[in-house]
Amino acid sequence: MRIVACGLLLALVAGCATDSTAPSSSGASTSATASGPVSTAPADPALNGNWTPVLAELGGKEFKFGQDFRLEVKGDRYVVYGAPQGTDRGRLVFLGGDPKSFDVIGEEGPSKGKRYPVIYRMIGESTLEACYDLDGKSRPAAFITFEGTNLFRVIYKRR
C-alpha cells in the first residue's frame with residue numbers, strides 16, 4: 001500500500017478514471033490508458049510549484065512519507081520525487097467541477113499506465129488538499145477516507 005500511495009502522490013496530485021469527454025454525474029469512472037482522456041478544463045495555475053506532504057491518511061489511518069518526498073507540478077505535468085520505488089512522472093487531466101477534480105495519468109515510473117481520480121482544493125495560497133482513489137475506480141465524493149478503502153487524502157504545503 002505504501003508503495004502504491006507514494007507513487008501516486010502524485011501520483012498528485014493526488015488520483016483517475018473518468019470518461020474522456022466529460023465527468024459522469026454519478027461520479028463513476030471508466031477505465032482508460034495513460035494516453036486516454038482529454039482535459040475539459042485548463043490546468044490550474046494555483047497548483048504550480050513544489051509541494052511537501054504535511055498530513056496524509058490512507059483508508060482512515062495515518063500515512064507517513066519519507067523525508068525526501070515532494071511533488072512538483074508544472075501546468076498539466078507532475079513529478080514525484082523521493083518515493084521508495086523511484087521517481088514518478090505523468091500528467092494531470094483537469095476536469096473542473098465542484099469540488100475541482102483531475103485525473104493523474106502515470107507515464108513513467110511506478111504509476112506508468114495507471115490512472116487515479118482526484119478531487120482537490122486550495123486552502124489559501126500555500127496549502128493544497130487532495131483526495132485520491134488509489135483503486136482508480138471512482139472519484140472521491142469528499143475529503144475523507146474510510147477503513148477498508150484505498151482512498152488517500154493528503155494535505156501539502158508549498159515549498
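Here are some notes:
- Fraction of alpha-carbon pairs over 17 Å apart in region 63-159 - percent: 52
- By average C-beta atoms within 10 angstrom, highest first, the peptides 126-134, 106-114, 89-97: 126-134, 89-97, 106-114
Every read-out reported here was derived from the displayed coordinates using simple, explicitly stated rules and does not represent laboratory data. All figures in this text were calculated on a predicted structure; none of them were measured in a lab. No Cβ is skipped: glycine too gets one built from the backbone with ideal geometry, and neighbour counts run over all protein chains shown.
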